[in-house]
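Student: A single structure is presented below for examination.
The values are calculated or read from the model by the stated rules, or taken from the named source; none is laboratory data. Computed from a predicted structure; not experimentally measured. Cβ placement follows ideal geometry from the backbone for every residue including glycine, while neighbour counts extend to all protein chains displayed.
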Number of protein chains: 2
Amino acid sequence: MAAPHKLCMIPGPVEFHEDVLAAMASPALSHIAPSFIDCFGRVLENLRHVLLTKSAQPFVVAGSGTLGWDLAVANLIEKGDKALVHNTGVFGDRMGDCLATYGAEVSHVRAPPGHRPSLQEIEQALTADGPFRMITITHVDTSTGVLTDIQAVAEVVRRVSPDTLILVDGVCSVAAEPIRMDDWGIDVVTSAGQKALGTPPGLAVVLASERAMRVFNSRKTPVAAYFASWNRWLPIMQSYEKRTPSYFGTPPVQLIMAMDASLKLILSHGMEKIFAEHAAASDHVKQVLEGWGLKLVPQSREAAAHAMTAVYYPEGVAASALLSSAAAHNVVLAGGLHPTIAAKYFRIGHMGITVYEPQRKYIETTLDALKKALVESGYQLPSQ
Amino acid sequence: MAAPHKLCMIPGPVEFHEDVLAAMASPALSHIAPSFIDCFGRVLENLRHVLLTKSAQPFVVAGSGTLGWDLAVANLIEKGDKALVHNTGVFGDRMGDCLATYGAEVSHVRAPPGHRPSLQEIEQALTADGPFRMITITHVDTSTGVLTDIQAVAEVVRRVSPDTLILVDGVCSVAAEPIRMDDWGIDVVTSAGQKALGTPPGLAVVLASERAMRVFNSRKTPVAAYFASWNRWLPIMQSYEKRTPSYFGTPPVQLIMAMDASLKLILSHGMEKIFAEHAAASDHVKQVLEGWGLKLVPQSREAAAHAMTAVYYPEGVAASALLSSAAAHNVVLAGGLHPTIAAKYFRIGHMGITVYEPQRKYIETTLDALKKALVESGYQLPSQ
């Protein structure tokens, strides 16, 4: 007999809707079947609605979210370009490695775990060390749960260094936190399917502004990667959106059908409602945890992501005991990821259907399991 | 009401087993859940059994088969290395582009569509233009259905240029044609899930010999791609195989579970039986088509793939009419792909469960539909 399903309440992969899983099990279909061409074209169009952009060029390619970085950086960076990393954790460090691989001279503006650089620090770095071809911002660093105010950072960049491309790593924010690509002047958003986009892992997602495409088109040197080159994928994406067959690599048919199902659900709620519901669910989770005397990893509520919560273990509670106990109550949580504090905190994902279909009661189930696990781990909850 | 499923008899994606589709619909599971770690480890081990190697290092990464090329070439080629492409079609041309992207000086030994270079031509190129860091061989060029005798080519390479790495693009051959990596001295095999490996598209597969890993470890320059670098993935693959958690990019959990299901089915038959059954099914298809007066694209039966058949339309039969008519009989076939003859031929895929579960009668159903489509397209079958 199969073991009962444990709720997967980590910051991705997340619980998937039944329509999404049904699409995953679709029988074989040619990647140039008219029904699939239409599906892929719709996914590309719908991603523009999710990112609140009329003109950005979407790319959806088989790969993990990290491939999305290559799909942006390899196309926009040329050897010797300066790049600035707005660094709030592990994924900022890694983005620096990615930029350096493609020849960038990389500077970081770092903050300690849980914190984020100030706007003054960003402005100073942009003016003192520039001009930069690109600034990268991890919208939500999944390692620390820190949320960056990308609108405010983008305003600074546009004011003091107007030609610098703004790349947002939205792996843990797209379809949960507002990203108004056109209004805020964001040039590139990279993401992946398995977080708030509600699709099993295996899809890299990139949207590139018209300005980013112009920078790409005026490159002086060839793109240094083969698979990640927009020269291969741009004609393919344009063809699918025009509903005509085209081929470079075989697209992951079932995953794209699954993303189509998920995007339809998300857009049926409307993006403003989706954002508001993620904020409300996050506030609820954080309020309950703080009520239990737990301390968030992010420096403040304002700096905390809405699709996940990173929270310190209480004094005296062993990491492994707490997570095992929660799993025994059929809820899977994630340990820490930031190397300097990894053993001291854990992470809860709350995004997608968990949030916009509250009738599932995944958040209540999770908080109940966590409460039992805390008690079983010897923690005394404050009396209320 | 949903339209009835049309058999997907193209050279990938292919029809999938029910166990594989059930795995695709698995609910959310953490990429570091013990059950998934065990599954991923088993997939890596089982790929060695499929490729008949004891010591090669497997890599399984979210991506299309083309990413598999980057996962090999970016790691083994350094700027200025010479590379030789054994070119039997579209995928040889593309491999040349991939090699050049990573700095190789590329030579091709080409043959016209349907043909393959002779061993003498290969030997001459190796001795006249070398030494080559790498030779690449498309085992089956999906564009033409031409099969290369990789054992014979490998013997030539080992004899006249023993230090040249041998890379086999096995996208359309792995788990259908024999590839005896260890016995034949093949250094790298690249593949993808959606052909004879029987998994929906979205997985790039690479196996690298110990010699290839030594060449990688003695690189003088950094790997020029970020996502495709073995520096990122080698520790991850080693961890999963040791059944310990590890993270670089989120693996495509459901696709890997699907590949696990498919590999179990394949290995339950045994590789020698799998190879023999693909050969027998292919012989049957080709004999029937030739009996109907159709002409194969490959120059001879010996040079024809066993997982697919590329065959010219008979005189006077319009491409679109024939494929539409077959689809009306619920069988999807593929058009031509090689640009110089694309409108003149079509392709049938026959691999995986179509072959090793003959009780499904997919081949009979396909031949029946094709026969009806030929007649409906105005072709007069020879009386028999």
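Student: What's the number of the condition A:ALA225 fails, among (1) within 30 Å of A:GLU357 (Cα to Cα); (2) surrounded by 24 or more Cβ atoms within 10 Å (Cβ to Cβ)?
Tutor: Of everything listed in (1) within 30 Å of A:GLU357 (Cα to Cα); (2) surrounded by 24 or more Cβ atoms within 10 Å (Cβ to Cβ), A:ALA225 misses just condition (1).
Student: Got a sec? Which of B:SER239, B:SER229, B:SER191, B:SER209 is modelled with pLDDT of 95 or more, more than 26 Å from A:VAL61 (Cβ to Cβ) and of a type in the set (Gly, Ala, Ser)?
Tutor: Being modelled with pLDDT of 95 or more, more than 26 Å from A:VAL61 (Cβ to Cβ) and of a type in the set (Gly, Ala, Ser) holds for just one of B:SER239, B:SER229, B:SER191, B:SER209, which is B:SER209.
Student: Would you mind telling me which numbered condition in (1) in a helix (DSSP H, G or I); (2) surrounded by 21 or more Cβ atoms within 10 Å (Cβ to Cβ) B:HIS284 fails?
Tutor: (2)
Student: Search region B:155-204 for residues being among the aliphatic types (A, V, I, L, M) and more than 18 Å from the chain's Cα centre (by Cα), and hand back the single one that is farthest from B:ARG347 (Cα to Cα).
Tutor: Restricting to residues being among the aliphatic types (A, V, I, L, M) and more than 18 Å from the chain's Cα centre (by Cα), the top hit is B:VAL160.
Student: Exactly one of these conditions fails for A:ARG214: (1) more than 11 Å from chain B (Cβ to nearest Cβ); (2) in contact with a strand residue (DSSP E or B) (Cβ under 9 Å, 6 or more places away or on another chain). Give me its number.
Tutor: Result: A:ARG214 fails condition (2) only.
Student: Please go through region B:60-101 and pick out each residue that is of a type in the set (S, T, N, Q) and either touching a Phe, Trp or Tyr at 6+ places or on another chain (Cβ under 7 Å) or at the interface with another protein chain (Cβ under 9 Å from one of its Cβ atoms) (or both). Please lay out each step first, then the result.
Tutor: First pass over region B:60-101, keeping only residues of a type in the set (S, T, N, Q): B:64, B:66, B:75, B:87-88, B:101.
Matches in region B:60-101: B:SER64, B:THR66, B:ASN75, B:THR101.
Student: Shifting gears a bit: Report the residue count in region A:83-140 for those that are under 25 Å from A:ILE341 (Cβ atoms) and in contact (Cβ under 8 Å) with a residue 40 or more places away in the chain.
Tutor: Of the residues in region A:83-140, 20 are under 25 Å from A:ILE341 (Cβ atoms) and in contact (Cβ under 8 Å) with a residue 40 or more places away in the chain.
Student: Which residues, taken from region A:35-50, are within 13 Å of another protein chain (Cβ to nearest Cβ) and small (Gly, Ala, Ser)?
Tutor: A:SER35
Student: It is to be established whether one or more residues within region A:169-187 are in contact with a Cys (Cβ under 6 Å, 6 or more places away or on another chain), of a type in the set (D, E, K, R) and under 30 Å from A:ALA23 (Cβ atoms).
Tutor: no
Student: Taking B:THR53, is it of a type in the set (Ser, Thr, Tyr), farther than 30 Å from B:SER325 by Cα, away from every other protein chain (no Cβ under 14 Å) and crowded, with 18+ Cβ neighbours inside 10 Å?
Tutor: Considered against the rule, which asks whether it is of a type in the set (Ser, Thr, Tyr), farther than 30 Å from B:SER325 by Cα, away from every other protein chain (no Cβ under 14 Å) and crowded, with 18+ Cβ neighbours inside 10 Å, B:THR53 comes out as yes.
Student: Listed residues B:TYR356, B:TYR312, B:TYR345; which is touching an Asp or Glu at 6+ places or on another chain (Cβ under 6 Å) and modelled with pLDDT of 95 or more? Walk me through how you get there before you give the answer.
Tutor: Working: B:TYR312 fails: touching an Asp or Glu at 6+ places or on another chain (Cβ under 6 Å); B:TYR345 fails: touching an Asp or Glu at 6+ places or on another chain (Cβ under 6 Å).
Only one candidate passes the filter, namely B:TYR356.
Student: Just a yes or no: is a residue in region B:258-280 away from every other protein chain (no Cβ under 14 Å) and either in a loop (DSSP other than H, G, I, E, B) or modelled with pLDDT under 95 (or both)?
Tutor: Yes, region B:258-280 has at least one match.
Student: So if I check each of A:LEU255, A:LEU203, which one is at the interface with chain B (Cβ under 9 Å from one of its Cβ atoms), hydrophobic (A, V, I, L, M, F, W, C) and closer than 18 Å to A:TRP69 by Cβ?
Tutor: Being at the interface with chain B (Cβ under 9 Å from one of its Cβ atoms), hydrophobic (A, V, I, L, M, F, W, C) and closer than 18 Å to A:TRP69 by Cβ holds for just one of A:LEU255, A:LEU203, which is A:LEU203.
Student: Here's something else I'd like to know. Out of all the residues in region B:62-70, is one or more assigned by TED's automatic domain parsing to the domain that holds B:MET95 and farther than 27 Å from B:ILE274 by Cα? Even if it seems obvious, please write down each step before you answer.
Tutor: Taking region B:62-70 first, the residues assigned by TED's automatic domain parsing to the domain that holds B:MET95 are B:62-70.
After this cut, where a residue has to be farther than 27 Å from B:ILE274 by Cα as well, the list is B:70.
Checked region B:62-70: at least one residue is assigned by TED's automatic domain parsing to the domain that holds B:MET95 and farther than 27 Å from B:ILE274 by Cα.
Student: Filtering region A:300-331 down to residues that are farther than 19 Å from A:LYS6 by Cβ, touching a residue at least 12 places away in the same chain (Cβ under 8 Å) and among the hydroxyl-bearing types (Ser, Thr, Tyr), which residue is nearest to the other protein chains (Cβ to nearest Cβ)?
Tutor: Here the residue is A:TYR313.
Student: Scan region B:332-362 residue by residue and report those that are of a type in the set (Val, Ile, Thr) and over 24 Å from A:PHE36 (Cα atoms).
Tutor: B:THR340, B:ILE341, B:VAL355
Student: Right, another one. Of the residues that make up region A:134-149, is at least one in contact with a Phe, Trp or Tyr (Cβ under 9 Å, 6 or more places away or on another chain), farther than 19 Å from A:ALA192 by Cβ and buried (at least 24 other Cβ atoms within 10 Å of the Cβ)?
Tutor: no
Student: Evaluate region A:84-92: report whether one residue or more is buried (at least 18 other Cβ atoms within 10 Å of the Cβ), more than 18 Å from the chain's Cα centre (by Cα) and within 26 Å of A:ARG219 (Cβ to Cβ).
Tutor: yes
Student: Return the residues of region B:5-19 that are more than 21 Å from B:PHE91 (Cβ to Cβ), more than 7 Å from chain A (Cβ to nearest Cβ) and assigned to a loop (DSSP other than H, G, I, E, B); say none if nothing qualifies.
Tutor: Selection gives B:LYS6, B:HIS17.
Student: Follow-up question, since we're still on this one. Taking into account only those residues within region A:332-356 that are assigned to a helix (DSSP H, G or I) and within 12 Å of another protein chain (Cβ to nearest Cβ), which is farthest from A:GLY193 (Cα to Cα)?
Tutor: A:ALA342
Student: Of all strands (runs of 3 or more DSSP E) completely enclosed by region A:128-216, which ones contain at least 1 residues that are among the small types (Gly, Ala, Ser)? Break it down into steps so the answer makes sense when it comes.
Tutor: Numbers: elements: A:134-138, A:165-169, A:188-192, A:203-208.
Fully inside region A:128-216 and qualifying: A:188-192, A:203-208.
Student: How many residues are in contact with a Pro (Cβ under 9 Å, 6 or more places away or on another chain) and at positive phi when one looks only at region A:64-106?
Tutor: The qualifying residues number 1.
Student: Within region B:233-244, identify whether any single residue is closer than 22 Å to B:PHE275 by Cα, away from chain A (no Cβ under 14 Å) and touching a residue at least 60 places away in the same chain (Cβ under 8 Å), and answer yes or no.
Tutor: First, pick out the residues of region B:233-244 that are closer than 22 Å to B:PHE275 by Cα: none.
Checked region B:233-244: no residue is closer than 22 Å to B:PHE275 by Cα, away from chain A (no Cβ under 14 Å) and touching a residue at least 60 places away in the same chain (Cβ under 8 Å).
Student: When you go through (1) touching a residue at least 60 places away in the same chain (Cβ under 8 Å); (2) over 16 Å from A:THR142 (Cβ atoms); (3) crowded, with 20+ Cβ neighbours inside 10 Å one by one for A:THR365, which number turns out not to apply?
Tutor: With (1) touching a residue at least 60 places away in the same chain (Cβ under 8 Å); (2) over 16 Å from A:THR142 (Cβ atoms); (3) crowded, with 20+ Cβ neighbours inside 10 Å applied to A:THR365, the lone miss is (3).
Student: Additional query: Based on what the data block shows, is A:ASP129 under 30 Å from A:ARG347 (Cα atoms), acidic (Asp, Glu) and out of contact with any Asp or Glu (no Cβ under 6 Å at 6 or more places or on another chain)?
Tutor: no
Student: Looking at this structure, is B:LEU29 surrounded by fewer than 24 Cβ atoms within 10 Å (Cβ to Cβ), touching a Lys or Arg at 6+ places or on another chain (Cβ under 9 Å), at the interface with another protein chain (Cβ under 8 Å from one of its Cβ atoms) and assigned to a loop (DSSP other than H, G, I, E, B)?
Tutor: Values: surrounded by fewer than 24 Cβ atoms within 10 Å (Cβ to Cβ): yes; touching a Lys or Arg at 6+ places or on another chain (Cβ under 9 Å): yes; at the interface with another protein chain (Cβ under 8 Å from one of its Cβ atoms): yes; assigned to a loop (DSSP other than H, G, I, E, B): yes.
Answer is yes for this residue.
Student: Filter region B:245-266 down to residues that are of a type in the set (A, V, I, L, M) and within 18 Å of the chain's Cα centre (by Cα) and give me whichever is surrounded by the fewest Cβ atoms within 10 Å (Cβ to Cβ).
Tutor: Once the filter is applied, the top-ranked residue is B:LEU263.
Student: What is the residue count in region B:368-384 for residues that are in contact (Cβ under 8 Å) with a residue 40 or more places away in the chain, farther than 21 Å from B:SER143 by Cα and surrounded by 13 or more Cβ atoms within 10 Å (Cβ to Cβ)?
Tutor: Result for region B:368-384: 9.
Student: For residues in region B:303-329 being assigned to a loop (DSSP other than H, G, I, E, B) and more than 18 Å from the chain's Cα centre (by Cα), which is surrounded by the most Cβ atoms within 10 Å (Cβ to Cβ)?
Tutor: Result: B:TYR313.
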